[in-house]
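The values are calculated or read from the model by the stated rules, or taken from the named source; none is laboratory data. Since this is a predicted model, take the numbers as computed values, not measurements. In this analysis, Cβ positions are derived from the backbone assuming ideal geometry, glycine residues included, and neighbour counts consider all displayed protein chains. Please note that ligands, DNA and RNA were not included when accessible areas were found on the heavy atoms of the full protein model with its side chains. Shrake-Rupley method; radii C 1.70, N 1.55, O 1.52, S 1.80 Å.
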Amino acid sequence: MGHEAKELKGERILIVDDVETNRLVLEEIIKDMGCSPVLAENGEQALQMAKECPPKLILTDISMPGMDGYELCRNLKHDPKTLHVPIIFISAFDDPMDIVEGFLLGGEDYITKPFIPEVVQARVGVHLRLYEVKNELMEMNRRLQISVSEQLKQMELEKKNILYALANIALQNSDYENDYMERLRKNCGILAQGMQLSPLFEDKISDTYVDTIELATPLCDIGNIGVPVELLKKKDLTEEEREIVQNHTNIGARLLSDLYVNSDYNEFISTAIDIARYHHENWDGSGYPEHLKEQKIPLAAQIVAVMERYTNLTEKGAYGREEALAVMKEEAGVKFNSDIYTICCKISRQLC
């Protein structure tokens with residue numbers, strides 16, 4: 001017992017019994033183990049003591065006036081602070097149904113009266129050690145979850161970096177200015193922020209949505225990585241060549257779909273997929289790849305479509321701000337959402 005007593009020294013054990021003699025007998029048995037017994041004479045008192053300072057183990061009588069042992073156990077198992085504290089029932093009866101009910105309520109063990117000190121000490125010792133092992137496992141699991149979470153975040157960051165690298169290669173293969181995609185990204189964020197202030201879109205666009213669309217927009221043409229460079233730079237395309245180029249929307253969406261996983265990363269990826277696949281759809285259904293119309297086009301793709309048109313028109317100084325908006329006015333309601341175009345006009349001085 002010496003080594004065991006040293007291991008269990010100071011462990012706080014709550015003893016609950018309405019009979020003083022039983023409490024005192026158990027108190028001496030627990031003291032001999034090197035533990036620190038605390039006594040309660042009824043369920044109500046025990047519940048209060050356990051909530052104020054959860055013990056390492058509870059020995060409770062079943063049959064007590066007022067709150068009996070079963071009710072005490074039920075209350076303790078419903079409180080997160082005492083949920084995992086092991087409970088051993090003590091009773092003068094050894095009816096199997098009493099034992100079964102105790103286990104169903106979450107009790108760990110059952111001791112009958114009269115007490116045999118060696119039996120009490122053996123069972124208490126076992127459950128104290130099991131409690132410690134359980135706590136150690138829970139702590140290890142907590143640390144593991146933190147570690148896994150950090151690794152997943154790092155993996156997600158690395159995936160994003162790879163995606164942006166691929167998107168940059170695709171951009172270089174196209175005939176765009178070096179700052180084109182950065183302008184498009186910023187403009188989409190500015191337009192999304194402006195839409196937040198409109199009653200038409202305020203319930204659809206959150207601050208997180210604005211951040212996400214800024215992150216996802218640079219991946220809009222990532223599918224160009226799968227299109228021959230000579231076709232991307234060619235001005236006059238045949239019908240067959242045009243179909244090959246237009247297929248970049250499906251290529252990009254498939255590439256991004258392969259990275260879809262169960263995490264917060266999904267919001268970014270799902271938005272990027274919508275943009276990559278549908279940013280060439282037109283409001284009247286004349287676009288590609290699926291000829292979607294009006295609100296069937298995902299909102300993120302609608303935003304990028306408007307800003308892509310504006311950024312293309314103003315690239316290389318081809319059109320000024322007012323001239324570009326004038327051209328787009330004729331296309332509003334045909335190529336893109338006229339409500340979004342109206343908001344674009346209102347915030348156009350902020351665009352780059």
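At each listed q (0.06, 0.07, 0.08, 0.11 Å⁻¹), what is the log10 of I(q)/I(0) that the Debye formula gives for the chain modelled as equal alpha-carbon point scatterers? So the normalised log intensities work out to -0.48, -0.56, -0.60, -0.72.
Here each label is just a point 7 Å from Cα along the line to Cβ, and for Val334 and Arg143 those points are 6.7 nm apart.
Computed from phi, the 3J(HN,Hα) profile of region 100-117 under the Karplus parametrisation 6.51, -1.76, 1.60 (θ = phi - 60°) reads 4, 4, x, 5, 4, 7, x, x, 8, 7, 8, 10, 9, 8, x, 6, 9, x Hz, with x in place of Gly and Pro. Considering region 185-310, its Cα convex hull presents a mean projected area of 8.2 nm². Hey, what do the phi angles of region 45-59 turn into as Karplus ³J(HN,Hα) couplings, whole Hz, using 6.51/-1.76/1.60 and θ = phi - 60°, x for Gly and Pro? Karplus values, whole Hz, x for Gly and Pro: 5, 5, 4, 5, 5, 5, 6, 6, 8, x, x, 7, 6, 10, 9.
Measuring r between the beta carbons of Ser257 and His291 and using R0 = 25 Å, the FRET efficiency lands at 0.75. Using only Cα positions of region 192-252, each an equal point scatterer, no hydration layer, compute I(q)/I(0) via Debye at q = 0.12, 0.13, 0.20, 0.21 Å⁻¹ and quote the log10 values to two decimals. One equal scatterer on each Cα of region 192-252 leads to -0.48, -0.54, -0.74, -0.76.
Backbone geometry of region 333-347 corresponds, through the Karplus equation with coefficients 6.51, -1.76 and 1.60 at θ = phi - 60°, to 3J(HN,Hα) couplings of x, 10, 8, 8, 4, 5, 5, 5, 4, 4, 5, 4, 5, 5, 9 Hz, x marking Gly and Pro. Annotation for Lys77 and Tyr164: the two label points, set 7 Å from Cα along the Cα-Cβ direction, are 5.2 nm apart.
Measuring with a 1.4 Å probe in the full set of protein chains, what accessible area per residue, in whole Å², belongs to the chain?
With all protein chains present, the chain gives 52 Å² per residue.
Sort 325-337, 47-59 by the packing proxy (mean of other Cβ within 10 Å over each peptide's residues), most packed first. All intermediate terms of the calculation are to be shown ahead of the outcome.
Numbers: 325-337: 16.5, 47-59: 18.5.
In decreasing order of mean packing, 325-337, 47-59 become 47-59, 325-337.
Round to a whole number: what % of the accessible area of the chain belongs to carbon and sulfur, probe 1.4 Å? Ligands and nucleic acids excluded, carbon and sulfur give 52 percent. Spacing of the modelled spin labels on Glu44 and Glu20, each 7 Å from Cα toward Cβ, amounts to 2.0 nm. Please give the FRET efficiency for Arg12 paired with Lys204, using the beta carbon to beta carbon distance and R0 = 56 Å, rounded to the nearest 0.05. It comes out at approximately 0.55.
Let me make sure I get this right: for region 246-340, a, b and c are the square roots of the gyration tensor eigenvalues over alpha carbons, sorted descending. Under 1.5 in a/c it's rounded, otherwise prolate if a/b > b/c, else oblate. Which is it?
Since a/c reaches 1.5 and a/b is larger than b/c, the shape of region 246-340 is classed as prolate.
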